[in-house]
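So the structure is just underneath, and the comments pick up after that.
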Amino acid sequence: MNFFWLLKILLSAVIIALASELARKSSFFAAVTLALPLTSILTLIWVHYDSGDKSRIAALSWNVFWLVPPSLAFFPLFATLISKDFSFWLAFLLAATLTAAIYIAYSRILSIFGIHL
């Protein structure tokens with residue numbers, strides 16, 4: 001293992017742990033932390049340092065842009081299911097499955113307009 005790989009893991013884990021700790025104290029501040037595109041930003045940075053390939057970084061950035069809207073469906077689906085007294089894991093599984101179906105439909109719609117992910 002090289003140092004850079006360990007740094008990526010450590011920094012990513014710290015962000016997840018921070019959000020988890022914030023959620024215990026304030027769901028608002030945890031949500032703000034999670035709503036930031038930190039994972040996407042870190043991934044762009046890691047790809048830059050790993051390859052420096054600007055076309056690859058640009059393609060990744062565009063793909064993230066196009067895939068954010070369907071990913072947002074997960075949260076209201078999950079919130080609705082869990083508030084309807086579904087167990088956590090069942091609500092999570094159903095919301096993830098429905099979100100995956102939305103991703104598939106959304107990518108097919110985008111392809112009609114010439115946007116291929």
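Which value in Å is the Kirkwood Rh of the stretch 72-117 over different Cα pairs? Write down the numbers at each step before the final one.
Working: mean 1/r = 0.0883 Å⁻¹.
Value: 11.3 Å, from the Cα pair sum.
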To the nearest 20 debye, the chain has a Cα-centred charge dipole, built from +1 on Lys and Arg Cβ and -1 on Asp and Glu Cβ, of 60
Rounded, prolate or oblate, given the Cα gyration tensor of the chain, with a/c below 1.5 counting as rounded?
oblate
Along the stretch 86-103, Karplus-curve 3J(HN,Hα) (6.51, -1.76, 1.60; θ = phi - 60°) to the nearest Hz, with x for Gly and Pro, reads 6, 5, 3, 5, 5, 4, 4, 4, 5, 5, 5, 5, 5, 5, 4, 5, 5, 4
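Rounded to the nearest 500, what is the chain's calculated 222 nm mean residue ellipticity when only DSSP H runs of at least 4 contribute -39500 (n - 2.57) each, over all residues? Can you show the working numbers first?
Details: 6 runs with 98 residues, N = 117.
Computed mean residue ellipticity for the chain: -28000 deg cm²/dmol.
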Straight-line reach from Lys25: which lysines have a Cα under 26 Å away, not including same-chain ones fewer than 8 places off?
Lys84
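The numbers here are math on the coordinates, done by the rules we state, and not lab data. Keep in mind that what you see is a predicted model, and the values were worked out from it rather than measured. Virtual Cβ from ideal backbone geometry, glycine too; neighbours counted across all protein chains shown.
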